[in-house]
Amino acid sequence: MNNRRRPRRAHAATAALPALLGALLLAGCTSPVPPPAWAPPAPLPPSAGAPAGPGVSALVDPAWVARTAERTGIPERALAAYAGAAIAKDAERPDCRLGWNTLAGMGYVESRHGSAQGSSIAADGTVSPTIYGEALDGDDVEHIPDSDAGAFDGDAEFDRAVGPFQFIPESWANWQIDASGDGVADVDNIDDAALAAANYLCRASDDLGTEAGWTLGIASYNSSQLYLDRVAEAASGYGSND
């Protein structure tokens with residue numbers, strides 16, 4: 001298994017957690033609820049009766065997407081990608097037990113659901129402009145010299161993470177997939193990136209439905225304890241009362 005070797009320092013998009021997580025503080029109490037150590041999988045979203053398109057985002061019931069987006073604050077287009085990827089992965093690997101809320105937590109921490117750096121998600125799932133991570137130059141991050149002549153990440157000196165799930169060139173080369181149904185595996189497409197991340201996690205860990213398995217999967221994606229803590233908190237918040 002190729003380690004993704006993400007920066008040790010947390011992504012800039014993690015500067016704040018979703019507003020909904022404030023609910024994790026007990027009203028009127030002087031001490032906060034202990035932060036979650038992991039995020040149990042939320043129930044699998046209901047499937048669409050008749051998918052409206054070829055991509056994974058069309059697999060999920062639109063009414064569920066609308067309700068859950070309102071509850072969580074996740075943009076509907078991003079949520080459809082996370083939920084659709086979870087449905088697709090469950091059909092292939094039900095034993096992996098990957099929750100849509102884990103993908104949503106990662107999507108928030110990695111890129112604010114595709115909105116970091118002023119980006120936005122189009123109806124076809126494409127995030128633009130491209131979201132680039134910091135140069136992996138060894139300055140409090142991993143040292144990863146350029147591996148792609150800048151073709152993938154725009155940097156001919158060092159590698160950078162790219163897209164809504166922040167894949168580095170080598171990892172995307174190994175895990176790229178077309179999940180939107182347009183015939184192209186695009187790191188900037190949130191459907192493609194979400195399913196690639198799902199495939200990565202279920203290869204890294206046999207069962208994300210246990211604390212040990214979930215921790216192993218997330219740590220393989222990014223070994224930073226701060227990253228794991230923030231994904232756990234965001235994903236737990238999204239999955240609560242689902």
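The values are calculated or read from the model by the stated rules, or taken from the named source; none is laboratory data. Since the model is a prediction, treat every value here as computed from it, not as a measurement. Positions of Cβ are backbone-derived with ideal geometry, glycine not excepted, and every protein chain shown enters the neighbour counts.
Within segment 199-224, the set of residues being within 16 Å of Pro94 (Cα to Cα) and among the acidic types (Asp, Glu) comprises Asp206, Asp207. Just the residues that are under 19 Å from Ala39 (Cβ atoms) and of a type outside the set (Phe, Trp, Tyr), please, taken from segment 66-83. Answer for segment 66-83, where residues must be under 19 Å from Ala39 (Cβ atoms) and of a type outside the set (Phe, Trp, Tyr): Thr68, Ala69, Arg71, Thr72, Gly73, Ile74, Ala78, Leu79, Ala81, Ala83.
Of all residue pairs spaced 6 or more apart or on separate chains, those with beta-carbon atoms under 7 Å, a first member in segment 139-168 that is free of Cβ contacts under 8 Å to residues at least 60 places away in the same chain and surrounded by 20 or more Cβ atoms within 10 Å (Cβ to Cβ) and a second member that is of a type in the set (Phe, Trp, Tyr) and assigned to a strand (DSSP E or B) are Asp153/Tyr132; Arg160/Tyr132; Val162/Tyr132. Scanning segment 169-186 for residues that are touching a residue at least 40 places away in the same chain (Cβ under 8 Å) and surrounded by 18 or more Cβ atoms within 10 Å (Cβ to Cβ) gives Ser171, Ala179, Ser180, Asp186.
Between Phe158, Phe152, which is over 28 Å from Ala81 (Cα atoms) and either of a type in the set (Phe, Trp, Tyr) or in contact with a Ser or Thr (Cβ under 6 Å, 6 or more places away or on another chain) (or both)? Let's see the steps before the verdict.
Numbers: Phe152 fails: over 28 Å from Ala81 (Cα atoms).
It is Phe158.
Screening Met1 on (1) under 22 Å from Trp172 (Cα atoms); (2) loosely packed, with under 12 Cβ neighbours inside 10 Å; (3) modelled with pLDDT of 85 or more shows it passes everything except condition (3). Would segment 134-146 turn up any residue that is touching a Gly at 6+ places or on another chain (Cβ under 9 Å), in a loop (DSSP other than H, G, I, E, B), under 27 Å from Ala234 (Cα atoms) and not aliphatic (A, V, I, L, M)? Looking through segment 134-146, none of the residues is touching a Gly at 6+ places or on another chain (Cβ under 9 Å), in a loop (DSSP other than H, G, I, E, B), under 27 Å from Ala234 (Cα atoms) and not aliphatic (A, V, I, L, M).
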